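Structure first, commentary second.
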Amino acid sequence: MNVGLPEHYKIVAATAGSVTTNGGVTFDTVSLKNVHKAYIVAMFLQAVSHATTIQPVVGTGVASCATSITFSAKWWKNADISASDTLVAQTAATSMACTAGATNQLLVVEIDPALVTTQSNTYTALGATIATSSQGSDYVTAWYLLEERYPQATPPAAITD
């Protein structure tokens with residue numbers, strides 16, 4: 001199967017580049033209306049050891065994502081991207097923490113829009129938050145990979161309802 005990444009997956013920045021996790025982070029949000037499966041990909045640059053936690057949130061629209069997911073999502077983690085390129089499946093959960101350590105880490109969560117609407121049939125949008133690391137030198141960069149229901153050369157906007 002010949003799959004073109006930009007044609008099958010809408011790629012949307014969840015953060016405005018690298019942002020410090022000191023003080024917490026609220027990701028930009030995306031609509032799940034045209035999405036078959038959503039992934040949040042977050043790269044943590046941890047200069048100081050901290051078990052920083054990422055929490056997916058859902059809401060009724062891209063302007064109102066504030067409710068933590070209540071279903072267990074699939075997670076993968078690479079606790080040290082300089083030592084390995086392997087993502088290790090984690091126990092399904094509603095949130096995930098980085099491994100404590102001064103390492104650069106990659107976390108991926110898979111969100112099924114059907115589970116979002118099962119949580120509440122009015123929820124159509126996805127976001128995430130990160131609790132404060134209280135470390136000014138720890139950063140995160142994140143993206144959404146949105147598998148489109150109807151792949152096309154130019155997928156519809158995901159940052160508007």
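The values are calculated or read from the model by the stated rules, or taken from the named source; none is laboratory data. The structure presented is a predicted model; accordingly, all values stated were derived computationally and were not measured. Positions of Cβ are backbone-derived with ideal geometry, glycine not excepted, and every protein chain shown enters the neighbour counts.
When the residues of segment 26-40 are filtered to those that are touching a Ser or Thr at 6+ places or on another chain (Cβ under 9 Å) and surrounded by fewer than 24 Cβ atoms within 10 Å (Cβ to Cβ), the one that is nearest to Ala128 (Cα to Cα) is Thr26. Scan segment 93-101 and give yes if some residue there is over 18 Å from Ile130 (Cα atoms), modelled with pLDDT of 95 or more and surrounded by 15 or more Cβ atoms within 10 Å (Cβ to Cβ), otherwise no. Looking for residues that are over 18 Å from Ile130 (Cα atoms), modelled with pLDDT of 95 or more and surrounded by 15 or more Cβ atoms within 10 Å (Cβ to Cβ), one finds none in segment 93-101, hence no. Among the numbered conditions (1) more than 16 Å from Val41 (Cα to Cα); (2) part of a strand (DSSP E or B), the only one that Phe71 does not meet is (2). If only residues of segment 1-25 that are β-branched (Val, Ile, Thr) and not in a strand (DSSP E or B) are counted, the one that is farthest from Gly127 (Cα to Cα) is Val3.
For Asp28, the requirement of being at pLDDT 95 or above, under 15 Å from the mean Cα position of the chain (by Cα), acidic (Asp, Glu) and not in a strand (DSSP E or B) is met. Entry remark, segment 99-127: residues being among the hydrophobic types (A, V, I, L, M, F, W, C) and farther than 18 Å from Trp76 by Cα number 6 in total. Can Leu115 be described as buried (at least 17 other Cβ atoms within 10 Å of the Cβ) and under 14 Å from Ala38 (Cα atoms)? So Leu115 does not fit the description; no.
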